[in-house]
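Reviewing the structure listed below.
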Amino acid sequence: MQDQLTALLAKAAAELPAIASRPDFESAKARYVGPNGELTALMKQMGTVPKEQRPAVGKLINEAKGRLQAQLDAALARIADAELAAQLGPPVDASLPATDAGPGTRHPLTQVREEMCRILRKVGFAVADGPEVESEYYCFDALNTPIDHPARDEKDTFYFPTTARFGNISKKVAGEKYLLRTHTSSVQIRTMLKGPPPIRIVSPGRVYRRDTTDATHSANFHQLECLYVDRNVTVRDLKALLDYIFASLLGPETKTRFRPHYFGYTEPSFEVDLTASHLPKVNKPWIEIGGCGMVDPSVFEAVGYDPEIWTGYAFGMGLERLAMLLYGIDDIRYFYQNDLRFLKQFA
Ligand code: DAH
């Protein structure tokens with residue numbers, strides 16, 4: 001009996017470590033310890049063992065059974081480990097750097113905004129900020145925008161429900177309507193109300209209009225506003241500043257021209273075009289880039305500046321338009337999609 005048990009264990013020790021699948025394991029297990037298994041058959045022989053030898057033989061069989069079970073357990077654990085490893089796939093070292101871990105880049109709009117602010121800071125302009133949720137007062141009234149001006153239309157401007165309260169952001173509170181600012185010109189008013197001239201600010205920021213999105217429109221986009229207030233400011237100063245900033249940003253060959261226009265907050269008012277035929281994907285000789293003019297005396301009166309003493313200029317332009325020109329981007333929607341194939345081009 002002892003020899004038989006030893007032989008059985010040796011056979012199992014040779015066979016079980018080579019088993020790789022659960023079905024093979026189950027059939028091997030049945031062959032050893034199943035109802036018709038080899039160990040089971042040996043155990044059944046106990047009946048034929050003389051009575052006095054039974055305790056010793058029983059001990060031998062129990063030991064053999066224990067060892068065989070340990071071998072089976074080890075084989076099953078090994079198979080389960082292999083199954084789990086197969087499910088997990090190749091080993092991963094979570095401490096390794098990611099394959100696509102290049103440094104991030106600044107968004108092209110951020111780059112153009114920062115560059116414009118840098119160019120303007122060089123000539124004394126300070127960056128000013130204002131809220132995107134505005135009241136009609138700052139966005140329209142104080143900017144001398146007539147009550148029936150199309151820019152105020154509900155079709156063009158996002159108004160908040162009149163019952164809503166948005167904190168103490170407004171000069172006039174009672175009956176005031178709130179809106180998402182349609183232009184950064186509201187910051188002109190906020191800045192002038194804060195203190196006396198001289199003033200020299202640049203204010204980049206997000207603006208909102210009820211536009212249907214297409215290649216050149218977006219319901220929210222970005223503008224950059226400038227305001228200069230001092231004594232004896234002239235259109236010539238305005239033209240010189242615009243020449244300087246566009247030549248700095250787009251190259252010295254860039255020229256600007258003014259076309260007469262109407263804005264309530266400037267008089268005279270102009271639209272600004274620039275030559276950009278040296279830039280990528282531009283096939284027109286002149287491109288419209290923004291609006292400007294000399295601050296209207298009624299705006300000075302609204303903020304308590306004496307228009308007999310103070311003069312100034314203001315201008316505003318779209319940052320997307322500028323970035324599109326600079327980089328040859330032909331669809332405004334690329335700016336907002338966060339597609340890395342696009343963003344990576346502005347490293
Ligand atoms: N606010 C105008 C717009 O959104 C742009 C503009 C025109 C700004 C003339 C100015 C200005 O400061 O003087 O279209």
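The values are calculated or read from the model by the stated rules, or taken from the named source; none is laboratory data. What you are looking at is a predicted structure, and each value in this text was computed from that prediction instead of being measured. Ideal geometry is used to build each Cβ from the backbone, glycine not excepted, and the neighbour counts take in all protein chains shown.
How many residues does region 223-245 hold that are crowded, with 23+ Cβ neighbours inside 10 Å and among the hydroxyl-bearing types (Ser, Thr, Tyr)?
The qualifying residues number 1.
For every residue, the table says whether it meets (1) modelled with pLDDT of 95 or more; (2) farther than 24 Å from SER185 by Cβ.
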position: GLY290; (1), (2): yes, no
position: SER298; (1), (2): yes, no
position: GLY304; (1), (2): yes, no
position: TYR334; (1), (2): yes, yes
position: LEU340; (1), (2): no, yes
position: LEU343; (1), (2): no, yes
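Just give me the residues in region 231-259 being within 16 Å of the ligand (Cβ to nearest atom), in contact (Cβ under 8 Å) with a residue 40 or more places away in the chain and outside any loop (DSSP other than H, G, I, E, B), in sequence order.
Scanning region 231-259 gives VAL235, ASP237, LEU238, LEU241, LEU242, ILE245, PHE246.
Which residue pairs have Cβ atoms closer than 8 Å, lie 6 or more positions apart in sequence or on different chains, and pair a first residue in region 13-27 that is in contact (Cβ under 8 Å) with a residue 60 or more places away in the chain and closer than 14 Å to GLY37 by Cβ with a second residue that is surrounded by 12 or more Cβ atoms within 10 Å (Cβ to Cβ) and of a type in the set (S, T, N, Q)?
none
Filter the strands (runs of 3 or more DSSP E) completely within region 260-347 down to those with at least 3 residues that are within 16 Å of the ligand (Cβ to nearest atom) and without any contact (Cβ under 8 Å) to a residue 40 or more places away in the chain.
Answer list for region 260-347: 266-275, 286-295.
Determine if region 146-157 includes at least one residue that is modelled with pLDDT under 95 and hydrophobic (A, V, I, L, M, F, W, C).
Within region 146-157, one or more residues are modelled with pLDDT under 95 and hydrophobic (A, V, I, L, M, F, W, C).
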